[in-house]
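Comments concern the structure below.
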Number of protein chains: 4
Amino acid sequence: MCRFLAYRGEPIFLDELVCAPAHSLVHQSLHATEAKTETNGDGFGIGWYGERKEPGIYREVRPAWSDENLRSLCEQVRSGLFFAHVRASTGTSTTRANCHPFSHGRYLFMHNGQIGGYARIKRKIEAMIPDELYDRRQGTTDSEAIFLVALAKGLADEPVTAMARTLKQIRGLMEEAGIEEALRFTAAFTDGENLWAYRWACDAKPPTLYFREEKGNLLVVSEPIDDKTKGWREVPKGCSLVARAGGNVAVHCLNEAMAQLAA
Amino acid sequence: MCRFLAYRGEPIFLDELVCAPAHSLVHQSLHATEAKTETNGDGFGIGWYGERKEPGIYREVRPAWSDENLRSLCEQVRSGLFFAHVRASTGTSTTRANCHPFSHGRYLFMHNGQIGGYARIKRKIEAMIPDELYDRRQGTTDSEAIFLVALAKGLADEPVTAMARTLKQIRGLMEEAGIEEALRFTAAFTDGENLWAYRWACDAKPPTLYFREEKGNLLVVSEPIDDKTKGWREVPKGCSLVARAGGNVAVHCLNEAMAQLAA
Amino acid sequence: MCRFLAYRGEPIFLDELVCAPAHSLVHQSLHATEAKTETNGDGFGIGWYGERKEPGIYREVRPAWSDENLRSLCEQVRSGLFFAHVRASTGTSTTRANCHPFSHGRYLFMHNGQIGGYARIKRKIEAMIPDELYDRRQGTTDSEAIFLVALAKGLADEPVTAMARTLKQIRGLMEEAGIEEALRFTAAFTDGENLWAYRWACDAKPPTLYFREEKGNLLVVSEPIDDKTKGWREVPKGCSLVARAGGNVAVHCLNEAMAQLAA
Amino acid sequence: MCRFLAYRGEPIFLDELVCAPAHSLVHQSLHATEAKTETNGDGFGIGWYGERKEPGIYREVRPAWSDENLRSLCEQVRSGLFFAHVRASTGTSTTRANCHPFSHGRYLFMHNGQIGGYARIKRKIEAMIPDELYDRRQGTTDSEAIFLVALAKGLADEPVTAMARTLKQIRGLMEEAGIEEALRFTAAFTDGENLWAYRWACDAKPPTLYFREEKGNLLVVSEPIDDKTKGWREVPKGCSLVARAGGNVAVHCLNEAMAQLAA
């Protein structure tokens, strides 16, 4: 179980959210409150959009709490759209390539959750990734695999439907393999302009996901980074949040999208 | 506040104590029980005596819990005298050179505690280190400085008295500088044959220190690594434990040694 | 192109070969002589057999020349069978999991060379790895994939024939894919008692491989670690070296083994 | 011997100079041409001025050539004043705190060279650093010590004279100690607006230093990053380059400044 944060709004220095708040993401790397694992010390990463179409990425294997580079970068970089993630490994090794966010072209993706019994169906999931994307796989996590599968299923064009397809198919593979552990998936995705977030699980226990809108600035987090009473709303279980540039935040039903696929 | 473990006895594989027990040192890197800081993820180190007079050292900046090399080494290395330490930094940076144990020739030293207001008297403490030892300083911690000062004051020949001298003088510098934070010091030292441990503070709060003897095998730890009822004894506050090769474990009064110096 | 060293003989401290000689492997990490790349600074690893059936492994992403841990370990560890490897990446990232040697149970494998056009047939090569072994894949290199494929093809029982099968099949995939880059393969493999080494390429340019026997001690290296005149013999191109415990070193024709497979 | 690059001019993406040219600094980390050591793989660092008064810093212990983070950062960060440095250690350990550039408030400093016999006069040099600056010392290099000494001697106000004082005094300590190795010093310093560079040695062998001006953009380098014929000028031995914001580049005689101090 990891912790993450996504921001879209007027450009701000990253440290305002990543380092400064009482319960900032850097703080959560050492003391998360709502996570199954309190410590998220198995690497971290930030991804941000600046002057280029493709995002910048800084990922490191050290804990976020002691990384001087992270602190300096977050003080310098100002961005209107960025992701930050602190990792608690569910088994794969602590390498930069296994740290979130993952990027592909102008897309960013990060994940908190787990494909239960991943080792038993790893190859089948990887087989869902077409060759040209498979060659881009840098690490060994289930999270990166989900991202590449979802890209193949149209994530760039239909972020909700494509993710519904992906989750449905992975869940199918798990059932075929007789896996009893759950598929739990809380994630965020962006194309550099629009932002999507997801909260879903095959059981009733998807990891927490909150958001807050203030003056057109949107913040999506695993858990509140300051006083919980300050306008945070929970993304309902089985839902996805859609925040198109210039539009309002909408919550869609991911379960329904999956049901329609079934039809 | 860090966590550590020292063993002297019949040669055993390091993993028996460092990795395997329910509350092993690797476990404590993520979940310490009696420490001020639960997480000890700012690097770690092991030092062991094998066939050579000088000990082997493996120190890394990553958390102990995710280090594959540590696990493999501890499975392979069998030793009759070794130290292991997981670090929670009190301010200095996370580098290998700042990780414990520190070595000098055939000596090993590791520490849990802090010189209050260290930054204000750092130079004065370093001035207590003679040139030939100062050149051996690799890192920037107060712990390494204490070790080098104590070596200069005769640690190799009179481990209890020399440490009493060292603590007394550092405490004096703190008082001169009007420092109100405490000097707290729990530590272990060895010459490759004999083992000493220390538990002292200028206030009534030295970090915890326990030991257990079984069939001539001695284990000294920051906190018990298994069931607390299993024969663990606390090293009393203000005391030092002396375990000479072939002799029984004795507890000496460090406070008294310091008082005698005063006379 | 990497550099490596394998030793089997009376137990010696690793530093005698890895660190001490004028042209030691640590020296070669900075200044290799016969390699296409002079610098081999993309990580390193050692694997050695001690008291356990399974080997110990220490792999790091830093250059070997500046790693204090490597130096200390090599001073302490005495072994009668060990591998050491310094890496020059051919494209995959610098992670511990991508460093050699690779281990599986009691087996060790290390490689110098490259599957030309690997990215284009990576998935097909991985498909040759059966599920139970695929789950053990930790990194993303072609070298680890070759090892796992060869294990599946009987490497443990028929080290020469299994490797011939592996190379032949990979070469076939390359031809099918119309890859023009070469397959070049110099490698070493051991089960903890016996030692095999291989030197093969689909063109006339397999990486160099030398060996020296002295009083029953065998040393196999990418390039001589001391004066080239001192008894070094080249492993002929297209051959494999077989050094069974208690027996003499024999050189087998790998090309012939491959030809027989074709029949 | 290290390699470095300093730029002041219209804001550009760092990768234009750090990563892209045929003989870029990243290239020089693996293959320097005019350096005593061809490989500069003992860590690296960049420092740049953005929207804040204080510069951003990214320093890492891995070789620059394989660092994905460096590549991504240099693609994203656009700056009108930045430093980049690849390190070849002259003895101190490979830690982030020992990598250049060093920062203090809004100042940046980087160095290529060495205080001969540093270990023998390290403490005396450190004694030249006043307490408030000594507390800011993070690493153990001679380079960081020179920077802090020079700051104490007025580097911020009189960059040429203060450095002359510093070099003169260090040279004096070396002579007193009977050190025969040379003091060689090529360096760059900035306050975020103006840029100074230095090339001096007590013998006739200061490390190389070049600069090029084009349309008001100034580039100062250890060695040319592209075709040597393209307008590069050498900073003469014993000189310092002064590039005040809005003014022309001037070359001052450092030797003369030192001689005047003597008077």
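The values are calculated or read from the model by the stated rules, or taken from the named source; none is laboratory data. Since this is a predicted model, take the numbers as computed values, not measurements. Neighbour counts are summed over all protein chains in view; Cβ atoms, including those assigned to glycine, are modelled from backbone coordinates with ideal geometry.
Being over 16 Å from B:Arg8 (Cβ atoms) and acidic (Asp, Glu) narrows it down to one residue among B:Glu175, B:Glu214; which is it? Please lay out each step first, then the result.
Numbers: B:Glu214 fails: over 16 Å from B:Arg8 (Cβ atoms).
Every option except B:Glu175 fails the conditions.
Looking for whichever is touching a helix residue (DSSP H, G or I) at 6+ places or on another chain (Cβ under 9 Å) and farther than 22 Å from C:Leu73 by Cβ here; the options are B:Gly41, B:Gly45. Which one fits?
B:Gly41
Does A:Arg199 satisfy the criteria of being in a helix (DSSP H, G or I), more than 14 Å from chain C (Cβ to nearest Cβ), buried (at least 16 other Cβ atoms within 10 Å of the Cβ) and not acidic (Asp, Glu)? Steps first, please.
Working: in a helix (DSSP H, G or I): no; more than 14 Å from chain C (Cβ to nearest Cβ): yes; buried (at least 16 other Cβ atoms within 10 Å of the Cβ): yes; not acidic (Asp, Glu): yes.
Judged against the criteria, A:Arg199 is not a match.
Which one is surrounded by the fewest Cβ atoms within 10 Å (Cβ to Cβ) among residues in segment C:132-151 that are polar (S, T, N, Q) and part of a loop (DSSP other than H, G, I, E, B)? First the steps, then the outcome.
Taking segment C:132-151 and keeping what is polar (S, T, N, Q), we get C:138, C:140-141, C:143.
Going one step further and asking which of them are part of a loop (DSSP other than H, G, I, E, B), we end up with C:138, C:140-141.
Numbers: C:Gln138: 18, C:Thr140: 21, C:Thr141: 26.
Checking each candidate, the answer is C:Gln138.
Could you give every pair whose Cβ atoms fall below 6 Å, whose first residue belongs to segment B:104-127 and is touching a residue at least 40 places away in the same chain (Cβ under 8 Å), and whose second residue is among the basic types (Lys, Arg), counting only separations of at least 6 or pairs across chains?
B:Arg106/B:Lys53; B:Gly113/B:Arg184; B:Gln114/B:Arg184
For segment B:61-90, name all the residues that are facing chain C (nearest Cβ under 9 Å) and of a type in the set (S, T, N, Q). Explain how you work it out, then say what you get.
Quick first cut of segment B:61-90, residues facing chain C (nearest Cβ under 9 Å) only: B:68-69, B:72-73, B:75-78.
Residues satisfying the conditions are B:Asn69, B:Ser72, B:Gln76.
Being at pLDDT 95 or above and more than 14 Å from every other protein chain (Cβ to nearest Cβ) narrows it down to one residue among B:Ala182, B:Ala152, B:Ala145, B:Ala204; which is it?
Numbers: B:Ala152 fails: more than 14 Å from every other protein chain (Cβ to nearest Cβ); B:Ala145 fails: more than 14 Å from every other protein chain (Cβ to nearest Cβ); B:Ala204 fails: at pLDDT 95 or above.
The conditions single out B:Ala182.
One line per residue, one yes/no per condition, for (1) of a type in the set (Asp, Glu); (2) in a loop (DSSP other than H, G, I, E, B); (3) within 10 Å of another protein chain (Cβ to nearest Cβ); (4) surrounded by fewer than 20 Cβ atoms within 10 Å (Cβ to Cβ):
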{"position": "D:Leu17", "(1), (2), (3), (4)": "no, no, no, no"}
{"position": "D:His23", "(1), (2), (3), (4)": "no, yes, no, yes"}
{"position": "D:His27", "(1), (2), (3), (4)": "no, no, no, no"}
{"position": "D:Glu34", "(1), (2), (3), (4)": "yes, yes, no, yes"}
{"position": "D:Thr37", "(1), (2), (3), (4)": "no, yes, yes, yes"}
{"position": "D:Asp42", "(1), (2), (3), (4)": "yes, yes, yes, no"}
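Residues checked against (1) among the small types (Gly, Ala, Ser); (2) under 22 Å from D:Thr92 (Cα atoms); (3) more than 16 Å from the chain's Cα centre (by Cα):
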{"residue": "B:Gly41", "(1), (2), (3)": "yes, no, yes"}
{"residue": "B:Arg62", "(1), (2), (3)": "no, yes, yes"}
{"residue": "B:Val77", "(1), (2), (3)": "no, no, yes"}
{"residue": "B:Val86", "(1), (2), (3)": "no, no, no"}
{"residue": "B:Thr95", "(1), (2), (3)": "no, yes, yes"}
{"residue": "B:Asn98", "(1), (2), (3)": "no, yes, no"}
{"residue": "B:Phe102", "(1), (2), (3)": "no, yes, no"}
{"residue": "B:Gly117", "(1), (2), (3)": "yes, no, yes"}
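Filter segment D:11-41 for residues that are modelled with pLDDT under 90 and among the aromatic types (Phe, Trp, Tyr) and give the result.
Correct list: empty.
From B:Gly80, B:Gly91, which residue is of a type in the set (Gly, Ala, Ser) and either in contact (Cβ under 8 Å) with a residue 40 or more places away in the chain or crowded, with 20+ Cβ neighbours inside 10 Å (or both)? Walk me through how you get there before you give the answer.
On the way: B:Gly91 fails: either in contact (Cβ under 8 Å) with a residue 40 or more places away in the chain or crowded, with 20+ Cβ neighbours inside 10 Å (or both).
Of the residues listed, the single one that is of a type in the set (Gly, Ala, Ser) and either in contact (Cβ under 8 Å) with a residue 40 or more places away in the chain or crowded, with 20+ Cβ neighbours inside 10 Å (or both) is B:Gly80.
What number of residues in segment C:132-142 are within 20 Å of A:Gly91 (Cα to Cα) and either polar (S, T, N, Q) or more than 12 Å from chain A (Cβ to nearest Cβ) (or both)?
Total meeting the criteria: 3.
For segment A:91-107, indicate whether the set of residues that are within 14 Å of chain D (Cβ to nearest Cβ), at positive phi and of a type in the set (Gly, Ala, Ser) is non-empty.
Applying the first criterion (within 14 Å of chain D (Cβ to nearest Cβ)) to segment A:91-107 yields A:95-99, A:101-106.
With at positive phi added as a condition, the list becomes A:105.
Next cut, of a type in the set (Gly, Ala, Ser) only: A:105.
Yes - at least one qualifying residue is present in segment A:91-107.
Does segment C:213-257 hold any residues that are free of Cβ contacts under 8 Å to residues at least 24 places away in the same chain, surrounded by 12 or more Cβ atoms within 10 Å (Cβ to Cβ) and either more than 20 Å from the chain's Cα centre (by Cα) or more than 21 Å from C:Arg165 (Cα to Cα) (or both), and which are they?
Of everything in segment C:213-257, those that are free of Cβ contacts under 8 Å to residues at least 24 places away in the same chain, surrounded by 12 or more Cβ atoms within 10 Å (Cβ to Cβ) and either more than 20 Å from the chain's Cα centre (by Cα) or more than 21 Å from C:Arg165 (Cα to Cα) (or both) turn out to be C:Lys228, C:Gly231, C:Trp232, C:Arg233, C:Glu256.
Just for segment B:44-74: of the residues that are closer than 23 Å to A:Arg96 by Cβ, at pLDDT 95 or above and of a type in the set (Lys, Arg), which one is surrounded by the fewest Cβ atoms within 10 Å (Cβ to Cβ)?
Checked segment B:44-74; the qualifying residue surrounded by the fewest Cβ atoms within 10 Å (Cβ to Cβ) is B:Arg71.
Please count how many residues of segment C:1-15 are surrounded by 21 or more Cβ atoms within 10 Å (Cβ to Cβ) and outside any loop (DSSP other than H, G, I, E, B).
6
Looking only at segment B:37-64, count every residue that is without any contact (Cβ under 8 Å) to a residue 40 or more places away in the chain and not hydrophobic (A, V, I, L, M, F, W, C) and tell me the total. First the steps, then the outcome.
Within segment B:37-64, the first condition is being without any contact (Cβ under 8 Å) to a residue 40 or more places away in the chain, and the residues that meet it are B:38, B:48, B:50-52, B:56, B:58, B:60-64.
Still in the list and also not hydrophobic (A, V, I, L, M, F, W, C): B:38, B:50-52, B:56, B:58, B:60, B:62-63.
Matching residues across segment B:37-64 total 9.
What number of residues within segment C:44-58 satisfy the criterion of being of a type outside the set (Gly, Ala, Ser), assigned to a strand (DSSP E or B) and at the interface with chain B (Cβ under 7 Å from one of its Cβ atoms)?
Residues of segment C:44-58 that are of a type outside the set (Gly, Ala, Ser), as a first pass: C:44, C:46, C:48-49, C:51-55, C:57-58.
From the residues that got through so far, the ones that are assigned to a strand (DSSP E or B) too are C:44, C:46, C:48, C:57-58.
After this cut, where a residue has to be at the interface with chain B (Cβ under 7 Å from one of its Cβ atoms) as well, the list is C:57-58.
Total satisfying the criteria: 2.
Residue under question is C:Thr161, and the condition is that it be buried (at least 17 other Cβ atoms within 10 Å of the Cβ) and of a type in the set (S, T, N, Q); does it hold? Steps first, please.
Values: buried (at least 17 other Cβ atoms within 10 Å of the Cβ): yes; of a type in the set (S, T, N, Q): yes.
Yes: the conditions hold for C:Thr161.
For (1) under 18 Å from C:Phe189 (Cβ atoms); (2) among the hydrophobic types (A, V, I, L, M, F, W, C); (3) touching a Phe, Trp or Tyr at 6+ places or on another chain (Cβ under 7 Å), each residue gets a yes or a no:
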| site | (1), (2), (3) |
| --- | --- |
| C:Val220 | yes, yes, yes |
| C:Gly247 | yes, no, no |
| C:His252 | yes, no, no |
| C:Glu256 | no, no, no |
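Across segment B:208-261, which residue is farthest from B:Ala156 (Cα to Cα) among those that are outside any loop (DSSP other than H, G, I, E, B) and among the polar types (S, T, N, Q)? Show your work before the answer.
Here is the first cut: in segment B:208-261, the residues outside any loop (DSSP other than H, G, I, E, B) are B:210-214, B:217-221, B:233-234, B:239-243, B:249-261.
Those left that are additionally among the polar types (S, T, N, Q): B:217, B:240, B:255, B:260.
Working: B:Asn217: 23, B:Ser240: 15, B:Asn255: 20, B:Gln260: 20 Å.
The residue in question is B:Asn217.
Output the number of residues of segment A:68-117 satisfying the condition of being small (Gly, Ala, Ser) and part of a loop (DSSP other than H, G, I, E, B).
As a first pass, look at segment A:68-117 and keep what is small (Gly, Ala, Ser): A:72, A:79-80, A:84, A:88-89, A:91, A:93, A:97, A:103, A:105, A:113, A:116-117.
Now narrow it down to the ones that are part of a loop (DSSP other than H, G, I, E, B): A:88-89, A:91, A:93, A:105, A:116-117.
Result for segment A:68-117: 7.
Quick check: is even one residue across segment D:124-131 touching an Asp or Glu at 6+ places or on another chain (Cβ under 8 Å), buried (at least 23 other Cβ atoms within 10 Å of the Cβ) and away from chain A (no Cβ under 14 Å)?
no
Checking C:Glu175 against (1) surrounded by fewer than 19 Cβ atoms within 10 Å (Cβ to Cβ); (2) at pLDDT 95 or above; (3) in a loop (DSSP other than H, G, I, E, B), which single condition isn't satisfied?
Status for C:Glu175: all satisfied but (3).
If you take the residues of segment C:108-123 that are farther than 18 Å from C:Cys202 by Cα and more than 10 Å from chain A (Cβ to nearest Cβ), which of them is surrounded by the most Cβ atoms within 10 Å (Cβ to Cβ)?
That would be C:Leu108.
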